[in-house]
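Quick note: the coordinates plus some simple rules give every number you see, no bench work behind them. The shown structure was predicted, so the numbers you read here are calculated from the model rather than taken from an experiment. Cβ placement follows ideal geometry from the backbone for every residue including glycine, while neighbour counts extend to all protein chains displayed.
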Amino acid sequence: MPLFDYSLLLTGKYHDMLVAGLLLSLQLLAASLVLALPIAMVVALLRLSPLAPLRWLGFAYVETIRNIPLLAHMLFWYFGAPELLPEGIKQWLYAGHIEAYSAIIALSLYTAAFMAEDIRSGIRAIPTVQFEAGRALGFGFLGTMRRVVLPQALRVTVPPLISQTLSLWKNTSIATVIGVAELMYQAGQVESATFRSFESFAFASAAYLTVSLAITGLATWYHHRFPVRTI
Amino acid sequence: MLEIISDYWVYFLIGQYPNGPLGGLVLTLLLASCGLVLALPLGIVLGLARVSPWRWLRWPVTGFVFVVRGLPLLMVIFWAYFFLPSVTGVKTDQFTTMLIALVVFDAAYLAEIVRAGIQGLPRGQMETARALGLDYGRAMRLVVLPQALRSMLPSLVNQFVSTIKETSLGYIIGLAEVSFIATQINTQVFTKPAQIYLILGLTYFILCFGLSRFAYWLERRLARRGMSVANPASAPKVSA
């Protein structure tokens, strides 16, 4: 038996399993990101709202979610939450991919809490005089937002959002706990089927690292393309 | 919900101890504390290497930090779980495995906190110390690092919060920390998963929210007393 067997990773059943896992991980990333961004936007606006009860709601959301580990979120959405639903919906859920849905819910809610804080601080970083100056120049509310405030706010907001995406990518691995057949899960399956721990974990590590470095590269590119301007 | 708490609170807090291994919330806290205490010196060493003027030291450590920060903690745990027994020759228990994974993982993150702390100081601090005749090592140890570490205090408390949250991943290698115990209770009670996991979430929340508020308070207190790096004029006197 060779020390490191590449053939296992290049072709055959185990190769297919690992690649399927990687694809599912990427799907989890995409689905959670698409759901998390609008939630984060709403929560950020809640936190900036002039009404105190809405601000409190936003604060409660962010703090509750951030101070509980993602694993506990996953366990709750997979084991706990479906039990609270009516029997019919429960049956329908259990017939489908309930573990994947639970993972996506947990991941999006968790990521949204962190992203909301980034969006909030991005908008807050723009002095209100910028808005006032835009209005004074004769732009309407939307025109001012689109031409003056948002271009500046986005420059500040996007880099932290990219680093949250990196965290989200690494967090998808926790879905393995509730049995989602993503990359980490498949690596474990291949390991127990073949006893080639080194090869399967090396594949998974290389895959995680490649995507992570790609995301980091994106952040660096953005930083060069749109450097933060001092106001 | 109250019924579950009154039936299982001892199990939830300490697991099977003293009739078996220690577990539950106490194990979570023990693991997080040991992890952070052991990771801190390693993180400082790595952080110093990241800002060191010597390339042969800076580059490998930078590579290490990038690799560990690019991997999920779960991957690091899997590597530790698989590598430790084959390297040491003895089957390491879950606690040791988890502790080592946490120390490696946290040290890489702490290294970045230390680096940011050092680079956040005005360059003049290092230059003045060198001009006073201290060599690089002493200037770092006596002038730069004490200030950088003080400004890092709130980040350290936040890192402790992260570490508490990270210990939950011990669940996957069967470590009897609080999430694992909650799942055990769930299999015994069987009918009330939502309540049990709500209790688990609430427990983490109380702990972590309290600590992160403490970090916030600490940050404001350090800023008010003029001890943050933002105000180098009031930096403590150094006896060289």
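Of note:
- Reported to the nearest whole Å, the Cα centre-to-centre distance from segment A:39-55 to segment B:127-176 is 34.
- Volume per residue of the convex hull around the Cα atoms, evaluated for segment A:16-62, comes out as 54 Å³.
- Computed from the Cα positions only, the extents of segment A:25-160 along the three principal axes stand at 59, 33, 27 Å, in decreasing order.
- With the simple spin-label model, which puts each label point 7 Å out from Cα in the Cβ direction, the B:Asp135 to A:Val129 separation comes to 5.1 nm.
- Fully extending the segment from B:Met1 to B:Arg221, taken as 0.36 nm per residue of separation minus the present Cα-Cα distance, adds 75.3 nm.
- Unit charges on C-beta of K, R, D, E only; dipole of segment A:18-129, Debye: 360 debye
- Rg then Dmax, both in Å and based on the Cα atoms of chain B: 21.3, 71.
- Proxy reagent accessibility, fewest Cβ within 10 Å first, across B:Ile77, A:Ile162: A:Ile162, B:Ile77
- Calculated FRET value between A:Ala136 and A:Tyr6, using beta carbons and R₀ = 41 Å, to 0.05: 0.05
- Within the protein assembly as shown, the ratio Rg/Rh, alpha carbon atoms throughout and Rh by Kirkwood, equals 0.98.
- Each residue of segment A:140-154 was assigned a 3J(HN,Hα) from its phi angle through the Karplus expression (A = 6.51, B = -1.76, C = 1.60, θ = phi - 60°), giving x, 4, 5, x, 4, 4, 5, 9, 10, 7, 4, x, 6, 5, 5 Hz with x at Gly and Pro.
- Against the compact-protein benchmark of 2.2 N^0.38 Å, the Cα-based radius of gyration of segment A:144-222 scales to 1.54.
- Cα lying deepest toward the dipole's positive end in chain B, options B:Val26, B:Ala215, B:Gln119, charges on Cβ: B:Gln119
- Inter-centroid distance (Cα atoms) of segment A:134-169 relative to segment A:182-231, Å: 28 Å
- Ignoring lysines fewer than eight residues from B:Lys91 along the same chain, the ones with Cα atoms less than 29 angstrom from its Cα are A:Lys170, B:Lys165.
- What the Cβ-Cβ distance of B:Asn19 and B:Ala116 gives, at R0 = 41 Å and to the nearest 0.05, is a FRET efficiency of 0.35.
- Note on chain A: with charges restricted to the Cβ of Lys and Arg (+1) and Asp and Glu (-1), its dipole about the Cα centre is near 1140 debye.
- Taking other C-beta atoms within 10 angstrom as a stand-in for reagent exposure, A:Asp118, A:Asp5 fall in the order A:Asp5, A:Asp118, fewest first.
- Scaling the Cα radius of gyration of segment B:1-132 by the globular reference 2.2 N^0.38 Å produces a ratio of 1.42.
- Here the simple spin-label model places points 7 Å from the Cα toward Cβ, and for A:Tyr222 and A:Arg147 these points are separated by 2.6 nm.
- Taking amide H positions as modeled 1.01 Å from N, with prolines and chain starts lacking one, the residues under 5 Å from B:Gly15 and 5 or more places away or on another chain are B:Gly23, B:Gly24, B:Leu25.
- Charge dipole magnitude, Cβ of K and R +1, D and E -1 - segment A:101-150, Cα centre, debye nearest 20: 180 debye
- Residue order for A:Val228, A:Val211, A:Val180, fewest other beta carbons within 10 angstrom first, comes to A:Val228, A:Val211, A:Val180.
- 3J(HN,Hα) couplings calculated from phi for segment B:136-152 with the Karplus curve 6.51 cos²θ - 1.76 cosθ + 1.60 (θ = phi - 60°) are, in sequence order, 4, x, 5, 4, 5, 6, 8, 10, 6, 4, x, 6, 4, 5, 5, 6, 7 Hz; Gly and Pro show x.
- Average projected area [Cα convex hull, segment B:1-52], square nanometres: 5.1 nm²
- Here the 3J(HN,Hα) profile of segment A:38-50, calculated from phi with Karplus coefficients 6.51, -1.76 and 1.60 at θ = phi - 60°, is x, 4, 4, 4, 4, 5, 4, 5, 4, 5, 9, 5, x Hz, Gly and Pro shown as x.
- Signed unit charges on C-beta, dipole axis of chain A, positive-most listed residue A:Ile89, A:Leu29, A:Val42: A:Val42
- Spatially proximal lysines relative to A:Lys90 (Cα-Cα < 22 Å; intrachain offsets below 8 disregarded): B:Lys192
- The longest stretch of chain B left intact once loop-based chymotrypsin sites (Phe, Trp or Tyr not before Pro) with at most 13 other Cβ atoms within 10 Å are removed from consideration, loops following DSSP, is B:55-189.
- Kirkwood Rh and Cα Rg combined as Rg/Rh, chain A: 1.08
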